[in-house]
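The structure appears right after this line, and notes come after that.
The values are calculated or read from the model by the stated rules, or taken from the named source; none is laboratory data. Bear in mind the structure is a predicted one, so any value in this text is a computation, not a measurement. Methodologically, a virtual Cβ is constructed for each residue, glycine included, from the backbone with ideal geometry; neighbour enumeration extends over all protein chains shown. These accessible areas exclude ligands, DNA and RNA; they are computed on the full protein's heavy atoms, side chains included. Shrake-Rupley method; radii C 1.70, N 1.55, O 1.52, S 1.80 Å.
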Amino acid sequence: MSVSALILAAGMGTRLAKLTQKIPKAMVPMFGKPLIKYQIDTLLSVGITKIGIATGYCKEKIEEIGYPTYFNKDFKKTNMVESLFSSLDFFSDCENDLLISYGDIVYQKNNLKRVLASDDDISLMIDKKWHKLWSIRNENPLDDAESLKLDDDSFIIELGKKPNDISSIQGQYTGLIYVKNHVINDLINFYNSMDRYQLYDGRTFKEMFMTSFLQSLIDSKWKIKATMVENGWLEVDTIKDLKIYSELQKKGKLINLWDINN
C-alpha cells in the first residue's frame, strides 16, 4: 500500500520569539536547514513522494517549497486537529495510508520505517527512552511531559494528561501518527460526529489538542497501537531547545539523541 504524508505546519511557534516573526515554526532553521526540510528529505528517502502540508501562519513561506498546501483559516485560534481536517482534500479519497506529522519535529529514517511497518489501524510513534531527551530540555522532565499508559498488548489506554509522577509515563508521544487507508473514512466520520459544544480536556472543540482527539477515539473503543522507538527524533519548541541541540552537536553528543545524517 502506498503512503501519503501530511505535515501539520500551521503554527507560529510563539516560544521561538524573533525566529518566527516572518516564518512559520516549521521553517525555523536547525543547523542551517528548515525543520520541515528534514522531514521531507526523510519521507523521500523511504519512497514517500505524495506529501501535503497544512498551513496557516505565513503560509506563503510554506507554499514556496512546492508541495500541495491546505490552509487552516482559523490557525490563530485552533490547533493540530483543525489543521488536519482542513486538509481533507489531501486524504479523503482513502487510496493511500496516511502518515500525519507535526511540523516541529525531526526523526530518523529507521524510526519512520518502524512506524510504517505497523499492521494496526492507527499507530503512534512513542519514545520509550523519552526521559533522556526531556531531562536535557527541562530541569524537571515532568513539567513538559504528558501521560502515556499502555495495556499488555501495547495499545494505548491514556495519553496527553498531566502526569503526577513518572510511573504514569510508559513513553512519550512524538507527534507522528500512521493511519491505514481502510479506516480513514471512519476517522473522518468520527470527527464529524463529535459534539461541537463539549469541552475536550478543558478546551473547546476548535481548540482541541491532537492528544484529546486521540483520547476520544480510544474512549470510543478505537484501538491505537504504540510503535515504540528509543530516541532518534527531536522536538523544537523554544530557542533554548535549539541552543541545547547546537551545543550537543558541537560536542559530538547529539548523535546519542538524533543522528543528523540518518
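If you check Lys109, Lys76, Lys161, Lys132 for being touching an Asp or Glu at 6+ places or on another chain (Cβ under 8 Å) and either modelled with pLDDT under 95 or open to solvent by 50 Å² or more (accessible area, probe 1.4 Å) (or both), only one passes: Lys161. Scanning region 123-150 for residues that are among the hydrophobic types (A, V, I, L, M, F, W, C) and in a strand (DSSP E or B) returns Leu124, Met125, Ile126, Leu148, Leu150.
Of everything in region 119-129, what is surrounded by fewer than 16 Cβ atoms within 10 Å (Cβ to Cβ) and closer than 25 Å to Ile239 by Cβ? Give them in sequence order.
Matches in region 119-129: Lys129 only.
Quick one: which residue in Leu98, Leu116, Leu84 is within 12 Å of the chain's Cα centre (by Cα), closer than 21 Å to Ile224 by Cα and either open to solvent by less than 30 Å² (accessible area, probe 1.4 Å) or in contact (Cβ under 8 Å) with a residue 40 or more places away in the chain (or both)? So the residue among Leu98, Leu116, Leu84 that is within 12 Å of the chain's Cα centre (by Cα), closer than 21 Å to Ile224 by Cα and either open to solvent by less than 30 Å² (accessible area, probe 1.4 Å) or in contact (Cβ under 8 Å) with a residue 40 or more places away in the chain (or both) is Leu84. Scanning region 207-221 for residues that are of a type in the set (S, T, N, Q) and part of a loop (DSSP other than H, G, I, E, B) turns up just one, Ser220. Within region 3-21, how many residues turn out to be open to solvent by less than 70 Å² (accessible area, probe 1.4 Å) and either without any contact (Cβ under 8 Å) to a residue 60 or more places away in the chain or within 30 Å of Asp93 (Cβ to Cβ) (or both)? Within region 3-21, residues that are open to solvent by less than 70 Å² (accessible area, probe 1.4 Å) and either without any contact (Cβ under 8 Å) to a residue 60 or more places away in the chain or within 30 Å of Asp93 (Cβ to Cβ) (or both) number 10.
Each residue in region 189-206 was checked for being more than 24 Å from Asp104 (Cα to Cα), without any contact (Cβ under 8 Å) to a residue 12 or more places away in the chain and either polar (S, T, N, Q) or not in a loop (DSSP other than H, G, I, E, B) (or both), and 4 pass. For the residues Asp186, Asp93, Asp153, Asp120, the requirement of being in a helix (DSSP H, G or I), of a type in the set (D, E, K, R) and more than 27 Å from Leu35 (Cα to Cα) singles out Asp186. Scanning region 236-262 for residues that are open to solvent by 30 Å² or more (accessible area, probe 1.4 Å) and among the charged types (D, E, K, R) returns Lys240, Lys243, Glu247, Lys250, Lys251, Lys253, Asp259. Of all the criteria given as (1) over 17 Å from the mean Cα position of the chain (by Cα); (2) exposed (fewer than 13 other Cβ atoms within 10 Å of the Cβ), the one not satisfied by Glu230 is (1).
Go through the residues of region 106-128 one by one and say whether even a single one is out of contact with any strand residue (DSSP E or B) (no Cβ under 7 Å at 6 or more places or on another chain) and among the β-branched types (Val, Ile, Thr). No, because not a single residue in region 106-128 is out of contact with any strand residue (DSSP E or B) (no Cβ under 7 Å at 6 or more places or on another chain) and among the β-branched types (Val, Ile, Thr).
Taking the residues in region 135-158 that are free of Cβ contacts under 8 Å to residues at least 60 places away in the same chain and of a type in the set (A, V, I, L, M, F, W, C) as candidates, determine which candidate is most open to solvent (accessible area, probe 1.4 Å). My answer is Leu142. Filtered by the rule that a residue be assigned to a helix (DSSP H, G or I) and either among the basic types (Lys, Arg) or touching a Leu at 6+ places or on another chain (Cβ under 9 Å) (or both), region 156-183 gives Ile166, Ser168, Asn181.
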